[in-house]
1. Do we have residue 41 as modelled with pLDDT under 90 and either open to solvent by less than 60 Å² (accessible area, probe 1.4 Å) or under 26 Å from residue 151 (Cβ atoms) (or both) here?
2. How many residues, within the range 65-89, are among the charged types (D, E, K, R) and assigned to a helix (DSSP H, G or I)?
3. Select the helices (runs of 4 or more DSSP H) contained entirely in the range 90-155, then report the ones holding at least 2 residues which are surrounded by 15 or more Cβ atoms within 10 Å (Cβ to Cβ) and under 15 Å from the mean Cα position of the chain (by Cα).
4. Identify, by number, the condition in (1) over 24 Å from residue 94 (Cβ atoms); (2) open to solvent by 100 Å² or more (accessible area, probe 1.4 Å) that residue 75 doesn't meet.
5. Can you tell me which residues in the range 26-59 are acidic (Asp, Glu) and free of Cβ contacts under 8 Å to residues at least 12 places away in the same chain?
6. Within the set of pairs 6 or more residues apart or between chains, which connect a residue that is over 12 Å from residue 55 (Cβ atoms) inside the range 79-98 to a residue that is of a type in the set (S, T, N, Q) and part of a helix (DSSP H, G or I) with Cβ atoms less than 6 Å apart?
7. Does the range 156-186 hold any residues that are part of a helix (DSSP H, G or I) and β-branched (Val, Ile, Thr), and which are they?
8. How do the pairs read when you match residues in the range 114-131 that are in contact (Cβ under 8 Å) with a residue 12 or more places away in the chain and farther than 20 Å from residue 86 by Cα with residues anywhere that are surrounded by fewer than 14 Cβ atoms within 10 Å (Cβ to Cβ) and of a type in the set (Gly, Ala, Ser), using Cβ under 7 Å and keeping only pairs 6 or more apart or on different chains?
Amino acid sequence: MSEETIYKAQEKIKLNSKSSLLPWILIGVGVVMLLASMLDVHLIDFLWPGFIILPGLLLMYPACKSTAEEQSGWSFLAIPGAIFLATGALSFVMNLFNHFEAWAYTWPLIPAAIAAGVLYITRFDGNERLERRAHKFIRLMAMLTVGLAFFFEIIVYENFNPLMALGLIIFGLYLLLQERKGVKAT
């Protein structure tokens, strides 16, 4: 078998996989629409945060397409894109649980998203000091969010949710794993 035959076979496989994506998307959207109408669910009630997330994804695109050799001049848009993505994701979760009071303590995740956007833009620079500081800032904002969540949910709202206990356990396990990873690295 010649190299040209192998190349043509590979191109045919790529073409077939791309062309079969649209039918699967249409089937998935159709199933969601059918279930929504059968269950009398209004999709906009769940999908409106997509109007915030989609522009965020579009703003992230230039930075996503950048490579170490060729960085886009529009990569700076990853910072507002990260803000949009974080705001949309938080809105989606709050909407899912109908708990928009959580904005009182989740706001530190927005500055954390800014730091994540900066990290994404500078991922090819190799600036270890910037990376360490940004990761440290993101962890600080996550811990501030957890602390504020405790304060607001338990003291202000007098609301104790088992999910909060589960979140604490998961966050504690994460911190333990990070601590062990740091010990093994030294």
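The values are calculated or read from the model by the stated rules, or taken from the named source; none is laboratory data. All of these numbers come straight from a predicted model, not from anything done at the bench. All Cβ positions, glycine included, derive from the backbone under ideal geometry; neighbour counts span all protein chains shown. Calculation scope for accessible area: heavy atoms of the full protein, side chains included, ligands and nucleic acids excluded. Shrake-Rupley method; radii C 1.70, N 1.55, O 1.52, S 1.80 Å.
1. yes
2. Residues meeting the conditions: 1.
3. Fully inside the range 90-155 and qualifying: 109-121, 128-150.
4. (2)
5. Passing the criteria: only 40.
6. Cβ pairs passing all conditions: 90/106.
7. 156, 169, 170, 183
8. 124/68
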